[in-house]
1. Taking K and R as +1 and D and E as -1, what net charge do the other residues with C-beta under 12 Å from the C-beta of Leu82 add up to?
2. For region 40-87, what are the per-bin percents of Cα-Cα distances with bins 10 Å wide, up to the bin holding the maximum?
3. Along the Cα→Cβ direction, 7 angstrom out, place labels at Thr105 and Arg60. What is the inter-label distance in nm?
4. Give me the number: length gained by fully extending Lys52 to Ser80, i.e. 0.36 nm times residue separation minus the C-alpha to C-alpha distance, one decimal in nm.
5. Quick one: which of 70-81, 32-43 comes out on top by average Cβ neighbours within 10 Å, and what's the full order, highest first?
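Throughout, read-outs are computed from the coordinates displayed, never taken from laboratory work. These numbers were taken from a predicted model, which means no experiment stands behind them. Cβ sites come from the backbone with ideal geometry, for glycine too, and all protein chains shown count toward neighbours.
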Amino acid sequence: MDKSKQSFRKSKQSFRKSKRSFRRRLPQIRSGDRIDYRNMSLISRFISEQGKILSRRVNRLTLKQQRLITIAIKQARILSLLPFLNNERLFKNKKSESIPRTRTTRPRKKKIDILLN
């Protein structure tokens, strides 16, 4: 081979993607687990601290599993098994900071006073 062809092949090889070995991820949902709105231990793994549904990339789920999880979470929210928002920490902080409201009593105007004015 010519030297020009060899140098061309070397430069072309540098642009190719290297064949990296990838570690196969273990699925979070086992074959025995049933994706259902009643399975709270399974559903709670796919919700963030704020109560948001985590993305498929974060969950490491297949497209079909992610759809089923999303439907199950929405059904659980509608049936009040899960909160729509998880603001427990916010409420705790607000309660400690809030000042109790006192009701001030104003003298009521009588109907006669209203009619005269």
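1. +4
2. 28, 59, 13
3. About 6.6 nm, to one decimal.
4. 8.6 nm
5. Values: 70-81: 15.2, 32-43: 13.5.
Highest-to-lowest ranking by the protection proxy: 70-81, 32-43.
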